[in-house]
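The values are calculated or read from the model by the stated rules, or taken from the named source; none is laboratory data. Everything quoted here is computed from the prediction, not taken from an experiment. Ideal geometry is used to build each Cβ from the backbone, glycine not excepted, and the neighbour counts take in all protein chains shown.
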Amino acid sequence: MTAFQTLKPSSLSRDEFVAAFADIYEHSPWVAEKAFDLGQDASIDQIETLHQRMSDILLSADHQSQLALINAHPDLAGKAAVQGELTQASTDEQAGAGIHQCSSDEFSRFTELNEAYKAKFKFPFIMAVKGSNRHQILAAFETRIHHSVEAEFNCALAEINKIALFRLLTL
């Protein structure tokens with residue numbers, strides 16, 4: 001088990017807890033609120049335990065809440081990234097994958113794939129990009145665009161939970 005380096009979740013008030021974990025799930029503080037409301041004990045001072053709690057909250061949420069959370073994510077190499085409108089976590093994650101180093105052809109391909117993906121699935125392509133590079137991301141895009149809507153919806157939730165774990169590990 002891995003302890004948090006910068007805080008002790010079990011010692012936080014509800015407001016402090018929500019403030020600390022509000023953007024673990026992109027623009028979706030309701031996950032942190034529900035995680036706090038399940039009760040505080042020393043077990044949530046372990047990253048894996050809190051992550052499991054938060055993951056379970058997402059996976060047990062109603063479809064509309066899950067879809068809203070998926071839609072809260074920015075496009076990879078999209079307009080928000082170019083215009084500097086991402087959350088700091090998203091900016092760091094995309095930069096770490098080298099997306100900011102895309103050639104004009106790669107950027108055009110990201111734009112085409114983002115548009116085609118959203119036209120088909122009605123939500124953005126989600127991928128936990130930490131540890132990946134832009135070539136691997138484009139390859140995943142090329143493969144996953146052929147999946148069913150249900151498969152991609154479930155994949156998006158799984159990827160969001162991976163992103164959440166990566167974000168928790170930075171705290």
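When Q40, Q5 are checked against the criterion of being in a loop (DSSP other than H, G, I, E, B), more than 26 Å from M127 (Cα to Cα) and either touching a helix residue (DSSP H, G or I) at 6+ places or on another chain (Cβ under 9 Å) or in contact (Cβ under 8 Å) with a residue 40 or more places away in the chain (or both), a single residue qualifies: Q40. With the condition kept exactly as written, say whether any residue in segment 86-100 is over 29 Å from F4 (Cα atoms), at pLDDT below 95 and surrounded by fewer than 19 Cβ atoms within 10 Å (Cβ to Cβ). Yes, because at least one residue in segment 86-100 is over 29 Å from F4 (Cα atoms), at pLDDT below 95 and surrounded by fewer than 19 Cβ atoms within 10 Å (Cβ to Cβ). Taking (1) within 20 Å of H100 (Cβ to Cβ); (2) part of a helix (DSSP H, G or I) in turn, E152 satisfies each apart from (1).
Can you name the residue in segment 45-83 that is modelled with pLDDT of 95 or more and assigned to a loop (DSSP other than H, G, I, E, B) and, of all such residues, is surrounded by the most Cβ atoms within 10 Å (Cβ to Cβ)? Here the answer is A61. When segment 134-149 is filtered for residues that are within 22 Å of Q101 (Cα to Cα), in contact with a helix residue (DSSP H, G or I) (Cβ under 9 Å, 6 or more places away or on another chain) and of a type outside the set (F, W, Y), the ones remaining, listed by number, are R134, H135, I137, L138, E142. In segment 110-157, of all residues being surrounded by 14 or more Cβ atoms within 10 Å (Cβ to Cβ) and small (G, A, S), the one that is nearest to V31 (Cα to Cα) corresponds to A156.
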